[in-house]
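The values are calculated or read from the model by the stated rules, or taken from the named source; none is laboratory data. Predicted model only: the values in this text are computed from it and were never measured. Reconstructed Cβ throughout: ideal geometry from the backbone, glycine too, with neighbour counts over all protein chains shown. In case anyone asks, the SASA skips ligands and DNA or RNA and just uses the protein heavy atoms, side chains included. Shrake-Rupley method; radii C 1.70, N 1.55, O 1.52, S 1.80 Å.
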Amino acid sequence: MSKIFTPTNQIRLTNVAVVRIKKGGKRFEIACYRNKVISWRSNIEKDIDEVLQTHSVFTNVSKGQVAKKEDLIKAFGTDDQTEICKEILSKGELQVSDKERQSALDSMFKDVATTVADKCVNPQSKRPYSVSLIEKAMKDIHFSVKPNRNAKQQALDVIPQLKTVIPLERAQMRLKITISGKEVRKIREKLVKLLSKIESEDWDSGTLNLVCLIDPGHYREIDELIRSETKGSGILELLNLKEITEGEEILE
């Protein structure tokens, strides 16, 4: 039986995700497992063997053409294939089909809408919106997702734009603050500037008990202010994450 000849500079791979980079006037590619590239870039996956189908650098993955050693040294300053693979992984462009790209964009669009729905309410009724209504509003303002940014960042970006088409505000956090000592009134003055609303204020033998609503974006600043100004004696309690009217259905 005659043997089938396979050129030694060709490697055949299947079910592969290609990451590509152009350097030194040449194109270099690596073959990865499709679901692992994003995990690697997000620092979720640490094991390079779980990401790469092979520790080889190609000029064309689909044709199985392996890059020449001299070309690697000229472009990357080394012929260490694993190190070159890591550089291509971090800086290269992930090649995906139009169908895959659209599916990823649709998924990200829904993630952004879900994040907005989770973080915001109607300011008049204090009721949350449904994800589908937020999605419709995002389409109305022609919002386009950016695949290289996470859903939370894009949600924070789109909230001010959505306010032009629907009444919307960040859901408030309800806090209880307890502080005492000689500087309590001075600390209160600083705190008030960061609060959205004081719901109750009670003074008991020089100790201030305050229940208030804040924008979630101010939580860290308030926490740090109380820690530093009271030298750790102040108490900050999170009563609930959202100031939403109880027993109300979601706005469709």
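Data for the structure
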| quantity | calculated |
| --- | --- |
| Unsatisfied cross-links (Cα-Cα over 22 Å) in the set Lys152/Lys197; Lys110/Lys152; Lys126/Lys176 | Lys152/Lys197 |
| Aspartates and glutamates with Cα under 16 Å of Lys36, excluding same-chain neighbours fewer than 8 positions away | Glu45, Asp47, Asp49, Glu50, Glu87, Glu93, Glu100 |
| Solvent-accessible area per residue for the stretch 105-209 (1.4 angstrom probe, square angstrom) | 55 Å² |
| Length added when fully stretched, Lys136-Val165, from 0.36 nm per residue minus Cα-Cα | 9.4 nm |
| Where Glu201, Glu135 fall by accessible area, highest first, once all protein chains stay in place (1.4 Å) | Glu201, Glu135 |
| Listed candidates (i) 22.1; (ii) 18.8; (iii) 13.2 - label of the one calculated as mean projected area of the Cα convex hull in nm² | (i) |
| Structure-based [θ]222 nm, the chain - -39500 (n - 2.57) summed over DSSP H runs of at least 4, per residue, nearest 500 | -11000 deg cm²/dmol |
| FRET efficiency for Ile38 and Lys68, using Cβ-Cβ distance with R0 set to 41 Å, rounded to 0.05 | 0.85 |
| Percent accessible area from carbon and sulfur atoms, the chain, protein chains only, probe 1.4 Å | 48 percent |
| Accessible-area ranking of Trp203, Trp40, largest first, probe 1.4 Å | Trp203, Trp40 |
| Cβ-Cβ FRET estimate between Ser196 and Glu237, R0 fixed at 22 Å, reported to 0.05 | 0.85 |
| C-alpha long axis of helix 81-91 to longest principal axis of the chain, angle in ° | 40 degrees |
| All lysines inside 21 Å of Lys23 as judged from Cα atoms, apart from same-chain residues fewer than 8 positions distant | Lys63, Lys68, Lys69, Lys74, Lys86, Lys91 |
| Estimated inter-spin distance, Ser205 and Glu189, nm [label 7 Å along Cα→Cβ] | 2.7 nm |
| By average C-beta atoms within 10 angstrom, highest first, the peptides 102-110, 81-89 | 81-89, 102-110 |
| Gap separating the Cα centres of the stretch 71-109 and the stretch 141-206, nearest whole Å | 39 Å |
| Net lengthening on full extension, Arg20/Lys152 (0.36 nm per residue, minus Cα-Cα) | 44.7 nm |
